[in-house]
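Each remark here refers to the structure printed beneath this line.
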Amino acid sequence: MKIYCSGIDPQWTQMLRDADYETVMYQEAPGSSVVANQVYLFSSRVVSTDKLEQTATEYPDATLIYSYQEPGIAGWRSIQIMCQALGIKFLRPGIGQDALIQQMDIWFQKKMKSLTPMIGVFGVVPGIGCTSIAALLAKHMPSQQKKVLLGLNLFNPGWHQANPNVSLDGWRMRMIQKMMQPADTNSLIYVEGVLYLPGNADPLITLDYAESEFEHLTDTFRKENVLITDNGAIPHSAAWVSAVQRSDIRIMVSHPKYTLQLERLMRLSSDLGVDPGNWFLIQNKAGADMIPTATIAHNLGMQVFSHFSALPIYKDGETNFFLPVSRKEQDQIKQAGAIISSIREDVYV
């Protein structure tokens, strides 16, 4: 299989070659007879959206991949829908390097390898308890490896007990330069068996992060550790998008009164290529008189994190990093953690 490229960053083509894809660069669009039944990867730099239908007609036998590279997020989902209607595969703006290769591997079904899963915890709205539940799961997960909790919330650092010596924004330049090392776990905050990296504490750079930075960070720490990421509740961030696509186990923390917002997030997840069936649902602060977790999960096509479906309401003035839970709930969490830590997730290579 050959991939003919037009309007594509040379770094992308080199990455594809490094991943054993045969690529051919063209300054202008190659003829349809050249591409034939192979793959044509082209960008919005050379084909505007109003020319997509014409392009699909010109290459009837080829597998077409459209890389939409217009800045910002407004409007790209409508372009994705247009591509789907034309049978064109779609690469969204800002896609990271690892996510690009993984998407190509999924499309073209390359061989697979097994990895310890990365667990991503997300919140349906700010304040729902995403950080506390991620920390609680990390604390009670049985493992012989180090347990690392990365705060990838770009809008709230998640740590307010003291001014930390380490945080996500403090490591920003090293992430950009791809200089993170597994030994950097020694710099993390140690809290009751969990190594914790607080999230971004600099609001001025919230939207400056790139997905490739988080790919490098998580890949570095995943090699030797159990890795859990706290991704917060605001999807307008590179960290959130990267974690949705790269997590092997995705947990959404919600509450019955936020079911409409949960539905919206599941639609967004589907737009990013992750169907609701790949999500586990936790209801936090949910009473017995509310809609059961199983009912909401079933209606949205999600799965229930059955061992960990409801946690107690916060106490006034609660400052503990971990939510208070009973012995029975601790046992249930440990049981769920044992199941997760025993999984070897199949991923494409």
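The values are calculated or read from the model by the stated rules, or taken from the named source; none is laboratory data. Quick caveat, the model's predicted, so the values are computed rather than measured. Here the Cβ positions follow ideal geometry from the backbone for every residue, glycine too, while neighbour counts run over all protein chains shown.
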Odd one out for Ile251, checked against (1) crowded, with 17+ Cβ neighbours inside 10 Å; (2) modelled with pLDDT of 90 or more; (3) touching a helix residue (DSSP H, G or I) at 6+ places or on another chain (Cβ under 7 Å): (3)
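The rows are residues; the columns are (1) surrounded by fewer than 24 Cβ atoms within 10 Å (Cβ to Cβ); (2) within 24 Å of Arg250 (Cα to Cα); (3) of a type outside the set (Ser, Thr, Tyr).
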{"position": "Gly129", "(1), (2), (3)": "yes, yes, yes"}
{"position": "Pro142", "(1), (2), (3)": "yes, yes, yes"}
{"position": "Leu154", "(1), (2), (3)": "no, yes, yes"}
{"position": "Asn165", "(1), (2), (3)": "yes, no, yes"}
{"position": "Gly170", "(1), (2), (3)": "yes, no, yes"}
{"position": "Met180", "(1), (2), (3)": "yes, no, yes"}
{"position": "Ala183", "(1), (2), (3)": "yes, no, yes"}
Starting from region 1-25, take each residue that is over 19 Å from Val35 (Cα atoms) and list its partners that are of a type outside the set (Gly, Ala, Ser), counting only C-beta distances under 6 angstrom and pairs at least six apart or across chains. Met15/Gln97; Ala19/Ile101
Considering only residues that are more than 19 Å from Gln245 (Cβ to Cβ) and free of Cβ contacts under 8 Å to residues at least 40 places away in the same chain, which ones fall in region 260-276? Leu260, Glu263
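The rows are residues; the columns are (1) closer than 26 Å to Ala233 by Cβ; (2) modelled with pLDDT of 85 or more; (3) in the same structural domain as Thr259 (by TED's automatic domain parsing).
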| site | (1), (2), (3) |
| --- | --- |
| Ile101 | no, yes, no |
| Met104 | no, yes, no |
| Trp107 | no, yes, no |
| Gly120 | yes, yes, yes |
| Gly123 | yes, yes, yes |
| Pro126 | yes, yes, yes |
| Thr131 | yes, yes, yes |
| Ala138 | yes, yes, yes |
| Pro142 | no, no, yes |
So, in region 185-217, of the ones that are without any contact (Cβ under 8 Å) to a residue 60 or more places away in the chain and of a type in the set (Phe, Trp, Tyr), which residue ends up surrounded by the fewest Cβ atoms within 10 Å (Cβ to Cβ)? Tyr190
In this structure, is Asn186 in a loop (DSSP other than H, G, I, E, B), of a type in the set (S, T, N, Q) and over 20 Å from the mean Cα position of the chain (by Cα)? no
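If a residue counts only when it is among the hydrophobic types (A, V, I, L, M, F, W, C), which helices (runs of 4 or more DSSP H) contained entirely in region 1-77 have at least 3 such residues? If you could, list the steps in order and put the result at the bottom.
On the way: elements: 10-18, 32-35, 52-58.
Helices (runs of 4 or more DSSP H) meeting the threshold: 10-18.
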Kindly establish whether Arg174 is modelled with pLDDT of 90 or more, outside any helix (DSSP H, G or I) and in the same structural domain as Val124 (by TED's automatic domain parsing). no
(1) surrounded by 15 or more Cβ atoms within 10 Å (Cβ to Cβ); (2) in contact with a strand residue (DSSP E or B) (Cβ under 8 Å, 6 or more places away or on another chain) all hold for Gln84 apart from (1)
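Here are some residues: Leu150, Leu136. Which one is crowded, with 21+ Cβ neighbours inside 10 Å and not in a helix (DSSP H, G or I)?
On the way: Leu136 fails: not in a helix (DSSP H, G or I).
The match here is Leu150.
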